[in-house]
1. When you scan the range 71-178 for strands (runs of 3 or more DSSP E) that lie fully inside it, which ones turn up with 3 or more residues that are closer than 21 Å to GLY205 by Cβ?
2. If we keep just the residues of the range 233-267 that are in a loop (DSSP other than H, G, I, E, B), in contact with a helix residue (DSSP H, G or I) (Cβ under 7 Å, 6 or more places away or on another chain) and open to solvent by less than 20 Å² (accessible area, probe 1.4 Å), which is farthest from ligand 2 (Cβ to nearest atom)?
3. Between residues in the range 140-153 that are at pLDDT below 95 and residues that are open to solvent by less than 40 Å² (accessible area, probe 1.4 Å) and part of a loop (DSSP other than H, G, I, E, B), which pairs lie under 7 Å by C-beta distance while being six or more apart or on different chains?
4. Can you go through ASP312, ASP306, ASP318 and tell me which one is farther than 30 Å from SER116 by Cβ, at pLDDT below 95, of a type in the set (D, E, K, R) and open to solvent by 20 Å² or more (accessible area, probe 1.4 Å)?
5. Filter the range 191-232 down to residues that are more than 12 Å from ligand 2 (Cβ to nearest atom), open to solvent by less than 20 Å² (accessible area, probe 1.4 Å) and either farther than 17 Å from ILE35 by Cα or part of a strand (DSSP E or B) (or both), then give me how many there are.
Amino acid sequence: MNSGVKVLAESTDLRSVPSEFSFVNEPTGSNSDSIPIIDFSSLTSGNPDQRSKVIQELGKACEEWGFFVLVNHGISETLMKATIEGALEFFDLPEEDKQKYEAKHVSDPIKYGRGSAITTSDKKIFLWRDFIKSYVHPEFHYPDKPQNFREIIFEYAKRSRFDFNLSYKELFAANYYPPCPQPDQAIGLPPHTDHGLLTFLIHNGVTGLQIQHNGKWFNTNSPQNSILVNTADQLEIFSNGRYKSVKHRAVVNNQATRISVVIPNGPAPEAIVGPASPLVQRDGRPLYRPFKYIEYVETQLSNTVDGKVNLDYAKIQDN
Ligand SMILES: O=C(O)CCC(=O)C(=O)O
Ligand SMILES: [Fe+2]
């Protein structure tokens, strides 16, 4: 497609979803008030009892949900709002400013995508989403327009980084989901799991992220100023299957534009990843084989988007 979904959605006579976007959603999500909330300040607290309690809660959240809402994380509300604003301003740029970042190759450091196509298990569909993705660590890349936002994105990406000595790569991604005339006939992002370790997500207050739990879809509602965190494939592998890489999707609505800013943290491309040895010893056997992270990502990108199929790449099959 030539123009993005933003342009398409802004065309005044759009009453229905063009057929190439047509996607049949599984039944819509219900609300849950039991999504775990993790208080980050307790994790760094000087009080050992408080710390051990929240570590237990964190483990339980990763085992049972693969998802939690992080509060008291220390990133200022001003910086979070400025980051969302910076993403929105990027999408509001004239098309020619954005087009120069149009993805040509998967390894391009900055990629702009407009209503891009993906292949699901049975067909090719276009997504109701425009996006910008750029690698922000170890090298920092971000479009030079809009002016002054590079510094903000740099700061937000830095504050979202793990504070331990792990060689890894960090991506900044912003998704733009404009209002859709028939929200049940299109999808922002179909059900999938993320490749890396943990994904951090903030948004502009418009809901749309749904996660799968016990076979059902749940809406995620989060307090202002919190960060939504989901565990991703490498954490499931590293924990020898204990933590779950949760399936999630982004649904669209017919009222308001939704913006999400996503920081997926993952291993360095050349890192060899596999289950942690103390866990393998405890469990008696590894459930996944070791592999190079880049090979995993490349396999995933060349495959269809269909939930957990990619974890099979590393799974050791029972005989
Ligand atoms: O926008 C969202 O809520 C979901 C984004 C997401 O899942 C992703 O970028 O991997
Ligand atoms: Fe995701």
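1. Values: elements: 110-114, 117-119, 124-126, 130-137, 168-177.
So the answer is 130-137, 168-177.
2. Ranking the candidates gives ASN240 first.
3. From the range 140-153, the pairs are PRO143/TYR101; LYS145/LEU93; PRO146/LEU93; ARG150/TYR142; ILE153/TYR142.
4. On the way: ASP312 fails: farther than 30 Å from SER116 by Cβ; ASP306 fails: farther than 30 Å from SER116 by Cβ.
Every option except ASP318 fails the conditions.
5. 3
For (1) within 21 Å of GLY29 (Cα to Cα); (2) of a type outside the set (Phe, Trp, Tyr); (3) within 11 Å of ligand 1 (Cβ to nearest atom), each residue gets a yes or a no:
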| residue | (1), (2), (3) |
| --- | --- |
| ASN225 | no, yes, no |
| LEU235 | no, yes, no |
| PHE238 | no, no, no |
| ARG242 | no, yes, no |
| VAL251 | yes, yes, yes |
| ASN254 | yes, yes, no |
| ARG258 | yes, yes, yes |
| VAL261 | no, yes, yes |
| GLY266 | no, yes, no |
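The values are calculated or read from the model by the stated rules, or taken from the named source; none is laboratory data. Bear in mind that the values here come from a model prediction, so they are computed numbers and not experimental data. Every residue, glycine among them, receives a Cβ derived from its backbone with ideal geometry; neighbour counts consider all protein chains shown. Ligands, DNA and RNA are excluded from the accessible area calculation, which covers all protein heavy atoms including side chains. Shrake-Rupley method; radii C 1.70, N 1.55, O 1.52, S 1.80 Å.
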